1. Kindly provide the helix-only [θ] at 222 nm of the chain, computed as the sum of -39,500 (n - 2.57) over DSSP H runs of four or more divided by all residues, to the nearest 500 deg cm²/dmol?
2. Using only Cα atoms, tell me the angle between helix 94-129 and the longest principal axis of the chain; keep it within 0 to 90° and round to the nearest 10.
3. Any chance you could give the angle, 0 to 90 degrees and rounded to 10, that helix 371-387 forms with the longest Cα principal axis of the chain?
4. Note down the relative contact order for the range 276-375 as a percent, whole number, built from C-alpha pairs under 8 angstrom at least six residues apart.
5. Can you work out the accessible area per residue across the chain, with the rest of the protein chains kept in place, probe 1.4 Å, in square angstrom?
6. At a 1.4 Å probe, what is the % contribution of carbon and sulfur to the accessible area of the chain?
7. Helix 428-451 versus the longest principal axis of the chain: what angle, 0 to 90°, nearest 10, using Cα atoms?
8. Once label points are set 7 Å from the Cα along Cα→Cβ at both residue 426 and residue 131, what is their separation, rounded to one decimal in nm?
Amino acid sequence: MLKKLQALFAPRDLTVGNTMSGIVMFAIPLLIGNLAQQLYNTVDAIVVGQYVGDAALGAVGLAGPVINLILVLFMGISSGATIVVSQYFGAKNREELSKAVGTTIMLTVISGIAMSIAGALLSRPLLILLDTPADMLDMATDYLVIIMIGLVGGGLYNIMSGVMRGMGDSVSPLIYLLVACGLNVVLDLLFVVSFGMTTDGVAWATTIAQAISAFLCVRRLYRMKETIDLNRSTLRVSRHIMKRVIRLGVPSGITQMIFSLSSILVQSLTNSLGGAIVTANTMVMRIDGFAMMPNFTFGVAATTFAGQNIGARKLDRVFKGAKETLFIAVGTAIVMVSGILLLGKNLLYIFTQTPEVIALGELMLRTLAVGYIVFAASQVLQGVMRGAGETTIPMWISIICTVIIRMPLAYIWAYLTKSPAFPNGDPMCLYGSLLICWLCGCGLSVFFYFRGRWRRRLLIDFTPETTEGSK
């Protein structure tokens, strides 16, 4: 029994064994963890929506795009670190693997402190710039400033869990996240229901829970002595590792920045459509976050699987794994979409009882439903490309679909559909444009995957020792 538990928590070598079972066993804890991660903001939204009101619910939703924009640097570090770690792990290069983990920890702490200060100072000006409704501004500011104060904890958890996943360990991040998620729920209810706090209460709950999960992740990495050496000599910024992480992470960071900026611009458009639309959008985005989690999960699984096998020089397993991951991801998305179509309205009642808001939210969910299936395919194919070190193609796909297609389409759609019922445009402009964006992204992902430029992007300088076992 003890050996089974140790195997469960041990790093998983995805370069050997059955490809599909390896991907599934790696992805299941990752999927549960991603769903639990989404609970952070969702529980915040449910608690303030039920115990404070619709304005507080909207305020929590308004802070989301700003948080994502400020977290762009963390996202870039996380993406680059996951690729580097998975490739060194697959190549069995313990020394460089240890340096990669140590460098990533130091980069996260240094950048986290800087972004925490900047984020806290810029929170209110950014919300004002977005034309945030007056009745939501103070509550949104309180929520955002507190989240920014705890940025190092949130960043460390997300990046260190990415590092562990790069080494094939998707179970430990899940356990730590479930602990933090349970604590977050308890603290949400304690601060809001018992202490009478509003958005500041749920923000403190999230900050405390994330700090605990970050501590657990770092402790776990320190104890993985069978795989890495985390000590004074490795717990520092290695220049060549930092350059590699940045080179791989910058395109992913730019991709996330584009998503975040587009979300902010869309949020500005959303705010102009009225308070009911803002609240409905907040609910839909919370449900959307859960619907997206399987897609992101299999995208990360594809990245890790491809990275490890490219590190081990087993390219035949990369192609086989890509096909099987695609099959699983699309099948999961179909099940998820079926659930949304059947239960979407019931899910919305968790957040509010306002009929107008419920009706708007249901219409939005039905519009997006089919898009989740094509987005699943995009994430897997782009994940394989990232695992090979080709991070620029996904970046350009994001730029084309978001900047060139979605943003102009949303604003033009809103302008052309102004009416007495919708003075600033039909709210469907928000979700119709997003669906078209996803369809275009899927088409481009398929095209670039089969074109095959990513196959030539092998970033590790292999030595005879690291490739001997894979010839």
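The values are calculated or read from the model by the stated rules, or taken from the named source; none is laboratory data. The structure presented is a predicted model; accordingly, all values stated were derived computationally and were not measured. Glycine gets a Cβ as well: all are built from the backbone with ideal geometry, and neighbour counts include every protein chain shown. When the accessible area is computed, the model is the full protein with side chains, heavy atoms only, and any ligands, DNA or RNA have been set aside. Shrake-Rupley method; radii C 1.70, N 1.55, O 1.52, S 1.80 Å.
1. Result for the chain: -27000 deg cm²/dmol, rounded to the nearest 500.
2. Orientation of helix 94-129: about 10 degrees from the principal axis.
3. Tilt of helix 371-387: around 30 degrees.
4. 42 percent.
5. 41
6. Numbers: 13010 of 19100 Å².
Carbon and sulfur atoms account for 68 percent of the accessible area of the chain.
7. The angle comes out at about 20 degrees.
8. Roughly 2.0 nm, to one decimal.
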